Amino acid sequence: MSRVRLGALGAGWWATSNHFPLFAAREDVELVGVCGKGEGLGAIRDRFGFAFATDSSDELFAADLDAVVISTPHDLHHPLAAQALDRGLHVLCEKPMTLHADQAWDLVARTERAGTTFLVPYGWNYKPFTVSAKRLLDGGGIGEIQYALCHMASPTRGLFGSDPTHMLERWNSDTAPDPATWSSPDHGGGYAHGQVTHSSALLFWLTGLRAASVAGRVMHAGAPVDLFDAGVIRFDNGALGSLSGAATLADGDKYQIDIRLFGTEGVLMLDVERERVTLSRYDGTRETIAIAPDEGEYECLVPPARFIELITGASTENNSDVTIAARSVELVDALLRSSAADGVDTPVH
């Protein structure tokens, strides 16, 4: 395949500030069509070099496509991804992949039937230091995991509280994040779907774990959606885990993801804020991963590139495939259901 014929579903803040510039700069990508809403869609078409613009997903799917990038509101991900997979297309779908576990595993099954590439662009899963951490774990560095801590905090209080000003400034986009997506319960707004999706997907990719049950609580603190999340997890292998999330770091503060894994042979700690990965084994072995300054900062440059490389055969490494994304979705789904049921321990699958 000399050029990947790509269609885009969704043309809002994240698509125009991250995905479209990256794809437009690639010689191995042809931007066929963009589907979205609003009077500015024609300008977006011209700015990035799409052949046509439409407000109809059916019209986009009728074009001769190899792949699609889905950057719509969260609640639309499942039907559009399912339609794409049923047409045999490769799919890059924004996170959270879906809002409910049954939808997520439906996409897993459809991807297996289609035999195509499905990637969810979790930027931290592609950082050199997280890739190095996974190698340590895959090499048996800590043995069997017995306890996992997974924490995330972000300067996103305005985003989930209907004021996206800081996020717009941070990402320097002409299109503001839409509060109808991020702070609306009907569209899957809130910190769990919007941010814990990142930390949990990183945890599941690093470890290969899958959650079995969770007892969770969320708090809105006056916002229309959850700003704080907490849960106690039991994993399929019997390990115990704790999950936490907070949306209220001060604007400009560095994102926090802190993953600490305790196993039968040692402990691994990964911290994106302080940019450290350390392995401490009970036999006395110590190892520290060298991390470049600011490597812990979030960016999403590698996943869209990797998506194209997977399609063309230039790479075989998908660090955020449909199964990893489904494990994240089912955990968040169960966490929210548990909270609604007053924190009762809730099966994940």
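The values are calculated or read from the model by the stated rules, or taken from the named source; none is laboratory data. Keep in mind the model is a prediction, meaning the values are calculated, not measured. FYI the Cβ positions are ideal-geometry reconstructions off the backbone, even for glycines, and counts take in every protein chain you see.
Of the residues in segment 100-126, how many are of a type in the set (A, V, I, L, M) and without any contact (Cβ under 8 Å) to a residue 24 or more places away in the chain? Before the answer, list the steps.
Taking segment 100-126 and keeping what is of a type in the set (A, V, I, L, M), we get 101, 104, 107-109, 114, 119-120.
Going one step further and asking which of them are without any contact (Cβ under 8 Å) to a residue 24 or more places away in the chain, we end up with 109.
Residues in segment 100-126 being of a type in the set (A, V, I, L, M) and without any contact (Cβ under 8 Å) to a residue 24 or more places away in the chain: 1 in total.
Filtered by the rule that a residue be aromatic (F, W, Y) and buried (at least 19 other Cβ atoms within 10 Å of the Cβ), segment 296-314 gives a lone residue, F307.
Restricting segment 252-284 to residues that are assigned to a strand (DSSP E or B) and of a type in the set (G, A, S), the residue that is farthest from Q146 (Cα to Cα) is S280.
If you go through segment 164-185 and keep only what is modelled with pLDDT of 85 or more and in a helix (DSSP H, G or I), you end up with just P185. Among the numbered conditions (1) surrounded by fewer than 14 Cβ atoms within 10 Å (Cβ to Cβ); (2) under 20 Å from Y191 (Cα atoms); (3) touching an Asp or Glu at 6+ places or on another chain (Cβ under 6 Å), the only one that T264 does not meet is (2). Restricting attention to segment 304-322, the residues that are in a helix (DSSP H, G or I) and touching a helix residue (DSSP H, G or I) at 6+ places or on another chain (Cβ under 6 Å) total 2. Among the residues of segment 1-54, just one is modelled with pLDDT of 95 or more, touching a Pro at 6+ places or on another chain (Cβ under 6 Å) and buried (at least 20 other Cβ atoms within 10 Å of the Cβ), namely H19. Looking across segment 135-163, the residues that are part of a loop (DSSP other than H, G, I, E, B) and at negative phi come down to G139, G141, I142, E144, S154, T156, G161, D163. When V272 is tested against (1) closer than 24 Å to N18 by Cα; (2) touching a residue at least 40 places away in the same chain (Cβ under 8 Å); (3) surrounded by fewer than 17 Cβ atoms within 10 Å (Cβ to Cβ), exactly one condition is not met: (3). All of (1) crowded, with 21+ Cβ neighbours inside 10 Å; (2) over 29 Å from Q146 (Cα atoms); (3) of a type outside the set (K, R) hold for L249 with one exception: (1).
Here is a yes/no grid of residues against (1) over 27 Å from H19 (Cβ atoms); (2) modelled with pLDDT under 85; (3) of a type in the set (V, I, T):
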{"site": "A153", "(1), (2), (3)": "no, no, no"}
{"site": "G208", "(1), (2), (3)": "yes, no, no"}
{"site": "V225", "(1), (2), (3)": "no, no, yes"}
{"site": "F228", "(1), (2), (3)": "yes, no, no"}
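Within segment 172-208, the set of residues being out of contact with any helix residue (DSSP H, G or I) (no Cβ under 7 Å at 6 or more places or on another chain) and under 24 Å from Y147 (Cα atoms) comprises Q195, S199, L203, G208. Only a single criterion out of (1) assigned to a helix (DSSP H, G or I); (2) outside the structural domain of V329 (by TED's automatic domain parsing); (3) within 20 Å of the chain's Cα centre (by Cα) is not satisfied by V131, namely (2).
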